[in-house]
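All remarks here apply to the structure that follows.
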Amino acid sequence: MSKERVIIVGSGISGCMAALRLMQDYDVTIITKGQKEESNSMLAQGGVAAAVSKSDTPKKHFSDTFQAGCFHNKVRAVNQLVTCGPVVIQKLMEEGMTFDEKDGELSLGLEGAHRLPRILHIGGDQTGKFLTTFLQEKLTNINWQEQQMAIELIKQNDVAIGVHCLDMENQLHTYYGEHIILASGGLGQLFPVTTNAATISGDGLALAYRAGAKLTDMEFIQFHPTLLFLNGRCHGLISEAVRGEGATLVRTDGSAVMTNIHPMADLAPRDVVAATLFEEIETGNDIFLDIDAVAHFEERFPAITASLDAHQVPFRETKRIPVHPGAHFLMGGIRTDLHGKTNVPGLYAIGEVANAGVHGANRLASNSLLETLVFGEKVAEYIRTQETKPQNNPAIPLTSHAKAPHLPDKQLLQEKIWETLGITRKPEKITEFLHWIAAFDYANHTREAAEISHMLITAKLIAESALKRTESLGAHRILKGVMK
Ligand SMILES: Cc1cc2nc3c(=O)[nH]c(=O)nc-3n(C[C@H](O)[C@H](O)[C@H](O)COP(=O)(O)OP(=O)(O)OC[C@H]3O[C@@H](n4cnc5c(N)ncnc54)[C@H](O)[C@@H]3O)c2cc1C
């Protein structure tokens, strides 16, 4: 008898984790927009948060997660994350995953808003790369479809049954399955300054929305305070773990930025640090990370060191790294239950594209890799309980759209999104933006048109949610008053 088919959109940790737990008994296809190595998962530096030390407990991790999330998180989702987290990590270690150790014990880092060190890391600051590679190497029984961009979900009788994709030559390919899992990550590329990989532009969110899935908390976007900033451009992330090891944020004259702003100073929650830096930059100050107090910087942060060298930053002499805040992580997304199920039968969402309620209004650092692992397991666990017969699907064509659509220039759209939906937001500007985007059409006859269309849909969802939340909460900072 033929196996049930599982189609996974996205080759990051969440998609790979689900695939690993399903590949023995299911016919699993992973579709991914670029090469399989292109994802935010590959870029993750700091590590995975989990209560694994003797002095830690899931209860403490729960309370830190809730506090960072401004109590907007869902109790059951956080509970699942912090209690299943250590179990999932233990299982991975038994399967051969090794985390950094010191004196025979797991070496645990400290990051912002965590009350104690609980960040497992690999290769110093290369956790995401090692973890993704470890999982991908285990995927021996998978149908990989690289450079296929999902552009439309297919439904029959209200059930999700497949995905239409475009290859690099804009040729259409269609994949059918009994279970469709969106693991397509967040939306950083909506913004001109971001830590995110080039393929992460909100596609999965727009696909799900068009298929009738419910999305929630779209206004909550985390801006990371410290992106490497040179000649007006950002060049990737300088992990928060650098501040965890003693670095401080300073102005050109060496004065500390975070003193008297928050009791946790440089390790205050990300929204506080990002908003403070944004204000400083708006008033004309340049901001630097002073790494003088970080012991063995190059050993502890080899990937950051390589990036600084590649960009010829003279950090060894100056002990300074120029930084700027930028878009980093989406807390909201496609609403799911604790197993990644959406309101559309047959459609699941896991990882950053999903909103199970883990992060609330602001994510606690390093909780997202844990989420990808835990929810990757959970969706597989649920699918295994289902008895769905493999179907002979009728060929369902792509919805046709105008071949010469009216779409904005991508760079202009990114700039407008940064001005309107960036670190601070003004209701009048958001309303103006919604009028501006209403003039454009949707199109998906080329990858480029589909991507811009997805960005428009995703930006509209953020703008509408931001207008509805009239008070600031967590990462959503709304400014009231006269429009400038
Ligand atoms: C620089 C950086 C550092 C980070 N550091 C940490 C950290 O230390 N700890 C932590 O917990 N979190 C960290 N994060 C966040 C974390 O990496 C992500 O939230 C997490 O990896 C998301 O995993 P995912 O599997 O959901 O999605 P991703 O890893 O983003 O993968 C999404 C996949 O979907 C594919 N895709 C997208 N659209 C389409 C489409 N239309 N068709 C087909 N494929 C598509 C992408 O190409 C990609 O393969 C960091 C993020 C960044 C950017």
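The values are calculated or read from the model by the stated rules, or taken from the named source; none is laboratory data. Since the model is a prediction, treat every value here as computed from it, not as a measurement. Virtual Cβ from ideal backbone geometry, glycine too; neighbours counted across all protein chains shown. Keep in mind that these areas ignore ligands, DNA and RNA; they rest on the heavy atoms of the full protein, side chains included. Shrake-Rupley method; radii C 1.70, N 1.55, O 1.52, S 1.80 Å.
Observations on the structure shown:
- Candidate set: region 167-188, residues that are of a type in the set (A, V, I, L, M) and closer than 20 Å to D337 by Cβ; chosen: the one farthest from the ligand (Cβ to nearest atom): I180
To keep it simple, each residue is scored yes or no on (1) open to solvent by 10 Å² or more (accessible area, probe 1.4 Å); (2) touching a Pro at 6+ places or on another chain (Cβ under 8 Å).
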residue: N157; (1), (2): yes, no
residue: A160; (1), (2): no, yes
residue: Y176; (1), (2): yes, no
residue: V193; (1), (2): yes, yes
residue: A208; (1), (2): no, no
residue: F220; (1), (2): no, no
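- Condition broken by E169, with the remaining ones in (1) assigned to a strand (DSSP E or B); (2) free of Cβ contacts under 8 Å to residues at least 60 places away in the same chain satisfied: (1)
- Pick from region 224-246, criterion assigned to a strand (DSSP E or B) and open to solvent by 10 Å² or more (accessible area, probe 1.4 Å), ranking: farthest from N355 (Cα to Cα): L230
- Applying the condition of being assigned to a loop (DSSP other than H, G, I, E, B) and in contact with a Lys or Arg (Cβ under 7 Å, 6 or more places away or on another chain) to region 202-223 and asking which residue is nearest to the ligand (Cβ to nearest atom) yields A211.
- Subset of region 1-10 that is surrounded by 23 or more Cβ atoms within 10 Å (Cβ to Cβ) and assigned to a strand (DSSP E or B) - its residue that is nearest to the ligand (Cβ to nearest atom): V9
- Hits in region 380-395 - residues which are small (G, A, S) and outside any loop (DSSP other than H, G, I, E, B): A380
- Filtered residue count, region 125-153, keeping only those that are more than 25 Å from V28 (Cβ to Cβ) and either away from the ligand (no atom under 12 Å from the Cβ) or open to solvent by less than 10 Å² (accessible area, probe 1.4 Å) (or both): 1
- For region 90-123, the tally of residues that are touching a helix residue (DSSP H, G or I) at 6+ places or on another chain (Cβ under 6 Å) and closer than 25 Å to A68 by Cα stands at 9.
- Selected residue [within 23 Å of E245 (Cα to Cα) and assigned by TED's automatic domain parsing to the domain that holds I7] from S307, S368: S368
- Boolean, E377 is open to solvent by 70 Å² or more (accessible area, probe 1.4 Å) and within 28 Å of A44 (Cα to Cα): no
- 2 or more residues of a type in the set (A, V, I, L, M, F, W, C) and touching a residue at least 60 places away in the same chain (Cβ under 8 Å): qualifying helices (runs of 4 or more DSSP H) within region 247-363: 270-282, 302-310
- Restricting N79, N73 to those that are closer than 22 Å to A380 by Cβ, in contact with a helix residue (DSSP H, G or I) (Cβ under 7 Å, 6 or more places away or on another chain) and not aliphatic (A, V, I, L, M) reduces the list to N79.
- Test: residue in region 353-371 that is more than 14 Å from the chain's Cα centre (by Cα), buried (at least 16 other Cβ atoms within 10 Å of the Cβ) and within 11 Å of the ligand (Cβ to nearest atom): no
- Residue in region 237-251 that is within 24 Å of A349 (Cβ to Cβ), over 21 Å from the mean Cα position of the chain (by Cα) and of a type outside the set (S, T, Y) present: no
- Tally, over region 155-166, of residues that are within 26 Å of T385 (Cβ to Cβ) and either within 14 Å of the ligand (Cβ to nearest atom) or not in a strand (DSSP E or B) (or both): 4
- Cβ pairs under 8 Å, 6+ apart, first in region 215-228 and within 13 Å of K460 (Cα to Cα) and aliphatic (A, V, I, L, M), second in a strand (DSSP E or B) and within 14 Å of the ligand (Cβ to nearest atom): L215/G333; L215/I334; L215/N355; M218/L330; M218/G333
- Answer residue from region 35-68, given it is among the polar types (S, T, N, Q) and assigned to a loop (DSSP other than H, G, I, E, B) and is nearest to the ligand (Cβ to nearest atom) among those: S39
- Scanning region 11-30 for residues that are in contact with a strand residue (DSSP E or B) (Cβ under 7 Å, 6 or more places away or on another chain) and crowded, with 24+ Cβ neighbours inside 10 Å yields a count of 7.
- Of the residues examined, L120 is not one that is over 20 Å from the mean Cα position of the chain (by Cα) and either open to solvent by 10 Å² or more (accessible area, probe 1.4 Å) or modelled with pLDDT of 95 or more (or both).
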